[in-house]
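The block underneath contains the structure these notes are about, expressed in C-alpha cells.
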C-alpha cells in the first residue's frame, strides 16, 4: 500500500481530523501510525532521548517545538534509538537534522524543516500534555496516521483491515 490516508479519510470520514501542518517527510518509512505520545519543548531535546529510550511499540512521538526551525529537535542518533526501541514514527513541529541519514532509516519522520544546529540541553519540556497545533488539539493517547498525503488524528484506533489493497 502506497497511500493510507485517502482510504482512511473515505472510510472513517466522521471519525478523523486532518492536522493541517505543512510537514516534510524525512524518514525512510513513508507510512506510519500508532498511539500518540506528546512532548512540548522549545529548542531543547533533552527529554526526547528519555522518551525514545522507552518501549515505543505501537507508538508515535509528537514533539511540539513551537514551530521553531532554529535548532534541530531530532537527528540520526535519536532516530536510531527510536528504531532500537520499536517506535513507529516521530512528528516534529520544528526542525530535524542529519536529513540524508534519516532518509535511510526504517522510521517515519515528519518535520517542518531541517537545521544543522543541535539544541541546548536544559532538561526542559512537558510530557503527555495536550498540544495545540495549527488550531487543532493533539491529545496524548490519540491515534496518529501519517503518509505522504499528511497526518490525521483519531480518538480510537482505526481498523485497517476494512481497507482494500
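Determine whether residue 90 is in a strand (DSSP E or B), at negative phi and crowded, with 19+ Cβ neighbours inside 10 Å. In short, yes.
Residues in region 25-52 that are assigned to a strand (DSSP E or B) and within 15 Å of residue 145 (Cα to Cα): 8 in all. Got a number for residues in region 141-165 being part of a loop (DSSP other than H, G, I, E, B) and farther than 14 Å from residue 31 by Cα? Looking only at that region, the number is 10. Being over 18 Å from residue 32 (Cα atoms) and surrounded by fewer than 19 Cβ atoms within 10 Å (Cβ to Cβ) holds for only one residue in 100, 95, 157, and it is 100.
For region 66-86, a tally of residues being on the phi < 0 side of the Ramachandran plot and without any contact (Cβ under 8 Å) to a residue 40 or more places away in the chain returns 11. The residues of region 87-107 that are over 14 Å from the mean Cα position of the chain (by Cα) and more than 18 Å from residue 148 (Cα to Cα), listed by number, are 97, 98, 101. Whether a residue is in contact with a helix residue (DSSP H, G or I) (Cβ under 9 Å, 6 or more places away or on another chain), free of Cβ contacts under 8 Å to residues at least 24 places away in the same chain and either surrounded by fewer than 24 Cβ atoms within 10 Å (Cβ to Cβ) or on the phi < 0 side of the Ramachandran plot (or both) was assessed, and residue 123 does not pass this test. Counting the residues of region 65-76 that are surrounded by fewer than 24 Cβ atoms within 10 Å (Cβ to Cβ) and closer than 19 Å to residue 21 by Cβ gives 6. Flag: residue 57 does not match the condition of being exposed (fewer than 13 other Cβ atoms within 10 Å of the Cβ), over 19 Å from residue 18 (Cβ atoms) and more than 15 Å from the chain's Cα centre (by Cα).
Here residue 21 meets the list (1) in contact (Cβ under 8 Å) with a residue 60 or more places away in the chain; (2) more than 14 Å from the chain's Cα centre (by Cα); (3) part of a loop (DSSP other than H, G, I, E, B); (4) closer than 14 Å to residue 153 by Cβ almost entirely, failing just condition (2). Residues in region 103-114 that are out of contact with any helix residue (DSSP H, G or I) (no Cβ under 8 Å at 6 or more places or on another chain) and either buried (at least 21 other Cβ atoms within 10 Å of the Cβ) or modelled with pLDDT under 95 (or both): 108, 110, 111.
The values are calculated or read from the model by the stated rules, or taken from the named source; none is laboratory data. The structure displayed is predicted, hence computed values, not measured ones. Methodologically, a virtual Cβ is constructed for each residue, glycine included, from the backbone with ideal geometry; neighbour enumeration extends over all protein chains shown.
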